[in-house]
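Trainee: For reference, the structure I am asking about is given below.
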């Protein structure tokens, strides 16, 4: 059962439009030519460089304070992410953003099927949200280095013990500084757009922090920028924030049941061609 988080202090919901649309008012759907795709990607890289250069000074000033660097990184992400998403030429419809309230810390979990999703996560994460990504993100030009300098978490997926220690330290950080977390629970990008089985990391964080889980469901991004391709396509991408899921009654021994329920909630919000081939189940073994 989903409802607002009991741990959050009373605070009126943030006023936000029920429906926000970014992109062309008239959309001509279809794959772009290679020349136009390359030009848009080049302009996007330039935009990331300019934003990184402008915000890096603030990060050096704030080096002693990781929480403040994370917040500066969120502001940076709102510029970089929205700009890069707009440059893809697709139309983005955001619904339920009132559930992404910076005054109410939460764990944001999103499905991941395209590079576009990284822009969306950076753009739509509330200020005060620490991102969790694979350690290789530091190799992304300009963005990855800024991500690291801003104090967001890089996970070494090849070293389970180190990954667990990093998540444990993150849980302590967010509790001490009233931060939120953004994480891709599938662990890897989906190649066909379908929701993959969730790993346990995000949900161990929920056990450790008691924070509610807010699903961010992304539909259509795998068509806007296909995996392993440098060609873009104009399409509709829908992003839906679902109501917070309370985790205060969760227990470690029933964690698989709770994970499967979050999978079902997110799968139900996706179009049929992005739902998992098999019904989410607690009986299926899953990675930590």
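Derivation of every value follows stated rules applied to the coordinates shown; laboratory data play no part. Keep in mind the model is a prediction, meaning the values are calculated, not measured. Positions of Cβ are generated from backbone atoms using ideal geometry, with glycine treated the same way; all protein chains shown enter the neighbour counts.
Trainee: Being touching a strand residue (DSSP E or B) at 6+ places or on another chain (Cβ under 8 Å) and closer than 16 Å to residue 230 by Cβ narrows it down to one of 38, 31, so name that one.
Mentor: Answer to the selection: 31.
Trainee: In this structure, is residue 120 touching a residue at least 24 places away in the same chain (Cβ under 8 Å), over 18 Å from residue 240 (Cβ atoms) and crowded, with 17+ Cβ neighbours inside 10 Å?
Mentor: Considered against the rule, which asks whether it is touching a residue at least 24 places away in the same chain (Cβ under 8 Å), over 18 Å from residue 240 (Cβ atoms) and crowded, with 17+ Cβ neighbours inside 10 Å, residue 120 comes out as no.
Trainee: Restricting attention to helices (runs of 4 or more DSSP H) lying wholly within region 135-218, give those where 3 or more residues are in contact with a helix residue (DSSP H, G or I) (Cβ under 6 Å, 6 or more places away or on another chain) and under 29 Å from residue 57 (Cβ atoms).
Mentor: 143-149
Trainee: While we're here: Considering only region 135-156, state which residues are surrounded by fewer than 16 Cβ atoms within 10 Å (Cβ to Cβ) and either under 14 Å from the mean Cα position of the chain (by Cα) or in contact (Cβ under 8 Å) with a residue 24 or more places away in the chain (or both).
Mentor: Across region 135-156, the qualifying residues are 141, 145.
Trainee: Another one. Could you list, in sequence order, the residues of region 98-112 that are in contact with a strand residue (DSSP E or B) (Cβ under 7 Å, 6 or more places away or on another chain) and either over 22 Å from residue 222 (Cβ atoms) or in a loop (DSSP other than H, G, I, E, B) (or both)?
Mentor: Answer for region 98-112, where residues must be in contact with a strand residue (DSSP E or B) (Cβ under 7 Å, 6 or more places away or on another chain) and either over 22 Å from residue 222 (Cβ atoms) or in a loop (DSSP other than H, G, I, E, B) (or both): 99, 100, 105, 106, 107, 111.
Trainee: Scan (1) on the phi < 0 side of the Ramachandran plot; (2) buried (at least 22 other Cβ atoms within 10 Å of the Cβ) for the single condition residue 257 breaks and write down its number.
Mentor: (2)
Trainee: A further question on this structure: Consider region 161-192. How many of its residues are free of Cβ contacts under 8 Å to residues at least 12 places away in the same chain and within 17 Å of the chain's Cα centre (by Cα)?
Mentor: 0
Trainee: What's the number of the only condition in (1) under 17 Å from residue 152 (Cα atoms); (2) surrounded by 24 or more Cβ atoms within 10 Å (Cβ to Cβ) that residue 78 fails to meet?
Mentor: Result: residue 78 passes all but (2).
Trainee: Let me ask you something else. Scan region 145-166 for residues that are in contact with a strand residue (DSSP E or B) (Cβ under 9 Å, 6 or more places away or on another chain) and closer than 29 Å to residue 49 by Cα and jot them down.
Mentor: Residues satisfying the conditions are 147, 148, 150, 151, 152, 153, 154, 155, 156, 157, 166.
Trainee: Given 76, 92, which one is outside any helix (DSSP H, G or I), touching a helix residue (DSSP H, G or I) at 6+ places or on another chain (Cβ under 9 Å) and touching a residue at least 40 places away in the same chain (Cβ under 8 Å)?
Mentor: Step by step, each of 76, 92 is checked, and only 92 is outside any helix (DSSP H, G or I), touching a helix residue (DSSP H, G or I) at 6+ places or on another chain (Cβ under 9 Å) and touching a residue at least 40 places away in the same chain (Cβ under 8 Å).
Trainee: Test of understanding: among 277, 249, 268, which residue is free of Cβ contacts under 8 Å to residues at least 12 places away in the same chain, closer than 30 Å to residue 30 by Cβ and out of contact with any strand residue (DSSP E or B) (no Cβ under 7 Å at 6 or more places or on another chain)?
Mentor: The unique qualifying residue is 268.
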